[in-house]
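The structure appears right after this line, and notes come after that.
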Amino acid sequence: MELIKGNEIATSIIAELKAEVATIEGRKPCLALVRVGEDPASVSYVKKKEKTAAEIDVDSRIILPPVTISQAELEALIDELNADETVDGILVQSPLPAPLDELAIFRRVSPDKDVDGFHTINLGKVAQEDSSGFVSCTPAGVMELLARSDVDLRGKHVVVLGRSLIVGKPVALLALQKKAGANGTVTICHSATTNLAQITQMADVLIAAIGRPHFVTADMVKPGAVIIDVGINRIPDATRKSGNRLVGDIDFDAVSPKVSKITPVPGGIGPMTVAMLMKNTVKARQLRATG
């Protein structure tokens, strides 16, 4: 079994981006990070993004509206950032507190600053295989992990567990694309899928993104399969200072001896998501520079 080390691959990407940013004339790329509320995971994620941006000389603006902000006020803030010529990318940290309409906010971000890749236009470009748009960071990270781990999806059966707009649907579209590293035969499974284990047992590459800790067990995977675990779940652990620990959607200890390659949690897809956000931000700056 080979461990796909997302931390190491993400570090390589960050180094490549740092070199690219050093060649940019004029101002450096700028990423606006909007976080509403004090959700602990969101606070941690934004700090990680801010730290990574600094590593590659990307300016980051942390914007912290009050948790009482209204939908109209948040939309007005997004409009201001859309109009700001010194901002290249905008990320609104999910989840947003109720009653804010998260999907409406994602759609409010200008498509050419939508470095999270959630806007309808950018999702449409993924479907049309138009590389001028921005791909959602986690799906892009999955494909980059596979490519840099010498996993070619051509002719392989790829099973995706999950159908979210953030991971499941876009990663399925990416795996289907007519391009190097893709050309997979894709099955999407979800909560209404019957005979789920029979389908996952046929997967050459299994991408788990359903948000249920240790859901995929050893009897659900084919010997020699490649496993990409997108799940990030917190479960109680009295031995940890925090009182919990992070685990994936895969029962790692049981599944790993059976497969050829697998990502860990943490240290797998998480660092890749941040790296691909930075890649999108640098791309946004380059596109704005060329008009």
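The values are calculated or read from the model by the stated rules, or taken from the named source; none is laboratory data. In this text, all values refer to a predicted model and were calculated from it rather than measured experimentally. So basically every Cβ, Gly included, is an ideal-geometry build from the backbone, and we count neighbours across all protein chains shown.
Brief remarks on what is shown
- The set of residues in the range 131-144 being more than 21 Å from VAL265 (Cβ to Cβ) and touching a Gly at 6+ places or on another chain (Cβ under 8 Å) consists of GLY133, PHE134, VAL135.
- Some residue of the range 10-30 being in a helix (DSSP H, G or I) and under 20 Å from LEU100 (Cα atoms): no
- Residue match in the range 142-165 (condition: within 21 Å of LYS49 (Cβ to Cβ) and assigned to a loop (DSSP other than H, G, I, E, B)): yes
- Test for ILE235: is it surrounded by fewer than 22 Cβ atoms within 10 Å (Cβ to Cβ) and within 25 Å of SER42 (Cβ to Cβ): yes
- Single residue of ALA203, ALA225, ALA209, ALA218 found to be under 14 Å from THR263 (Cα atoms), more than 18 Å from the chain's Cα centre (by Cα) and at pLDDT 95 or above: ALA225
- Candidate set from the range 119-169 (those that are of a type in the set (Lys, Arg) and under 18 Å from ASP249 (Cα atoms)); member that is farthest from the chain's Cα centre (by Cα): ARG163
- Listed conditions (1) loosely packed, with under 14 Cβ neighbours inside 10 Å; (2) modelled with pLDDT under 95 are all met by TYR45, apart from (1).
- Close pairs from the range 177-200: first within 18 Å of ARG212 (Cβ to Cβ), partner in a loop (DSSP other than H, G, I, E, B), Cβ under 6 Å, at least 6 apart: ILE188/ARG163; HIS190/ARG163
- Sole residue being closer than 20 Å to GLU102 by Cβ, crowded, with 20+ Cβ neighbours inside 10 Å and not assigned by TED's automatic domain parsing to the domain that holds ALA104, chosen from VAL167, VAL142, VAL159: VAL167
- Note on the range 123-139: residues that are over 22 Å from GLY231 (Cα atoms) and either hydroxyl-bearing (Ser, Thr, Tyr) or touching a Pro at 6+ places or on another chain (Cβ under 6 Å) (or both) total 3.
- Checking each residue in the range 202-253 for being of a type in the set (Lys, Arg) and more than 20 Å from SER94 (Cβ to Cβ) picks out LYS222, ARG240, LYS241, ARG245.
- With respect to the stated conditions, THR185 is of a type in the set (S, T, N, Q) and in contact with a strand residue (DSSP E or B) (Cβ under 8 Å, 6 or more places away or on another chain).
- Pair list, Cβ < 8 Å and 6+ apart or interchain, from the range 278-291 residues that are in the same structural domain as ALA53 (by TED's automatic domain parsing) and crowded, with 21+ Cβ neighbours inside 10 Å to residues that are modelled with pLDDT under 95 and among the aromatic types (Phe, Trp, Tyr): none
- Remark: pairs (first residue in the range 1-13, buried (at least 16 other Cβ atoms within 10 Å of the Cβ); second residue part of a loop (DSSP other than H, G, I, E, B); Cβ separation under 7 Å; 6+ apart in sequence or on different chains) = ILE4/SER149; ILE4/THR263; ILE4/GLY268; LYS5/GLY267; GLY6/THR263; GLY6/GLY267; GLY6/GLY268.
- Residues (under 20 Å from the mean Cα position of the chain (by Cα), surrounded by 20 or more Cβ atoms within 10 Å (Cβ to Cβ) and not aliphatic (A, V, I, L, M)) located in the range 170-200: PRO170, GLY184, CYS189
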